[in-house]
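FYI, it's all coordinate maths here, none of it is from the lab. Owing to the predicted nature of the structure, the values given are computational and were not obtained by experimental measurement. Here the Cβ positions follow ideal geometry from the backbone for every residue, glycine too, while neighbour counts run over all protein chains shown.
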Ligand code: GLU
């Protein structure tokens, strides 16, 4: 009897002894798969062997079943193996569509690695696709070198995407949805001064622009294309009495005078993050959105768009902050340090970028494992270098030939 046959034989005997001499095929298969994860990939073959063994066992009399089982060590069963590491994603219905959506303001850092790795792992677990979406709709926060650096960093992390989009090439789509929103009376052009709007908003009062007709807004929208920065914005109607003032009639579109590194001066009106993100998540069929809890209010804002358009809301998962001992994670601080000559470059080991981590000699697998261990939990986490080096050592030991 082969090793596998013996395992199956034992499970069948256990089941038979527990059920008055009659083993049940489904129950035996279930207990095999739960306790021997390594057999799952060969479940067809296992099912065939099991049914043969099951016939044999069910033909034995009860006493023989019991003594056979004794010979194999009795009824003690292996505890089901709990999947180690990454927790399951909630509300999965079949395949998933996930996205990793960084701003191209610099290379990726350890905080990005979390979103990238988790999304990647979940696509591997459930099937479906991972979308890489470069969110470059703020012309002032684009570092042209970042487009390339992000892809390099993702490759280092072993993250594979099946689709890629760059938001600055989708501006017409955002216009289309802005116009639709105006047509259904759920957005308006606001020409109030920012400070005046704020006073009204803080008192939960609508500004005069909110009541103007669709026709009027259509005209203003056309005019907005030739306006200067600060003269007008497109606002989404929300609840002007919402308990969080930031959610009250948030800005969807604005005029930016600066040139965009990729599209130059082709466009003057740019979507704000919440608008382009929600439109894209919907159009791209995203099922689950993994984002930091600093985006909680943004998710709340975006829900208004989903409801105005009658779209299904994806599952939002907000994870906690991730701090890395002794490193400056913010891209802007790192950039400033590099410009001032404090750091040698993006891969300076004192930084928290992926390339700096790689330069410290940390292996990709250590970072992947770390992220899977932390998972998408909402509580904050601080990662110590001791932890990272510990994981790294285990991996180095695994791969080094002793
Ligand atoms: N580009 C946004 C960011 O990196 C995406 C946020 C989101 O996940 O929706 O902050």
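Sequence gap at least 6, Cα distance under 8 Å: using those rules, report the relative contact order of the chain to the nearest whole percent.
For the chain, the relative contact order is 14 percent.
Enter the angle in degrees (range 0 to 90, nearest 10) between the Cα long axis of helix 171-183 and the first principal axis of the Cα atoms of the chain, meaning the one along which they spread out most.
70
Please list, in order, the residues from the stretch 88-125 whose amide nitrogen is less than 18 Å from a point placed 7 Å along the Cα→Cβ vector of residue 263.
Inside the label zone: 102-105.
Apply the a/c threshold of 1.5 to the C-alpha gyration tensor of the stretch 174-221 and tell me whether it is rounded, prolate or oblate.
prolate
Given the -39500 (n - 2.57) contribution per DSSP H run of 4+ residues, what per-residue ellipticity at 222 nm results for the chain, rounded to the nearest 500 deg cm²/dmol?
Per the formula, -14000 deg cm²/dmol.
Using Cα pairs closer than 8 Å and at least 6 residues apart in sequence, work out the relative contact order for the stretch 1-120, in percent.
Rounded, it is 26 percent for the stretch 1-120.
Mind checking the alpha-carbon convex hull of the stretch 1-41 and giving the volume per residue in Å³?
Enclosed volume per residue, from the Cα hull, is 65 Å³.
Distances over 17 Å make up what percent of all Cα-Cα pairs in the stretch 180-317?
Every Cα pair in the stretch 180-317 considered, those over 17 Å come to 62 percent.
In degrees, nearest 10, range 0 to 90: what is the angle between the Cα axis of helix 25-35 and the longest Cα principal axis of the chain?
Rounded to the nearest ten degrees, it is 70.
In 5 Å bins starting at zero, report the fraction of Cα pairs in the stretch 46-192 per bin as a rounded %.
2, 7, 11, 11, 11, 9, 9, 8, 6, 5, 5, 4, 4, 4, 3, 1, 0, 0
Run the numbers on the stretch 274-402 and let me know its relative contact order in percent, using alpha-carbon pairs under 8 Å that are six or more apart.
Relative contact order of the stretch 274-402: 24 percent.
Mind checking the angle between helix 364-374 and the chain's longest principal axis? C-alpha axes, 0 to 90 degrees, to the nearest 10.
It is inclined by approximately 90 degrees.
Compute the Cα gyration tensor for the stretch 325-402, then decide on rounded, prolate or oblate, letting a ≥ b ≥ c be the square roots of its eigenvalues: rounded whenever a/c is under 1.5, prolate when a/b is larger than b/c in the other cases, and oblate in all that remain.
Note, shape of the stretch 325-402 comes out oblate.
Taking R0 as 25 Å, what's the FRET efficiency between residue 51 and residue 125 from their Cβ-Cβ distance, rounded to 0.05?
It comes out at approximately 0.30.
Using only the alpha-carbon atoms of the stretch 251-397 as identical scatterers, what base-10 log of I(q)/I(0) does the Debye formula give at q = 0.08, 0.15, 0.20 Å⁻¹?
-0.35, -1.02, -1.17
So if R0 is 45 Å, what FRET efficiency would residue 33 and residue 313 give, r being the distance between their Cβ atoms, rounded to the nearest 0.05?
0.85
P(r) for the chain: what percent of alpha-carbon pairs falls in each 20 Å bin, starting at zero?
In order of increasing distance, the bins hold 22, 42, 24, 11, 1 percent.
Quick one: grab the alpha carbon gyration tensor of the stretch 339-380, order the square roots of its eigenvalues as a ≥ b ≥ c, and give me rounded if a/c is under 1.5, else prolate or oblate depending on whether a/b is larger than b/c.
Oblate.
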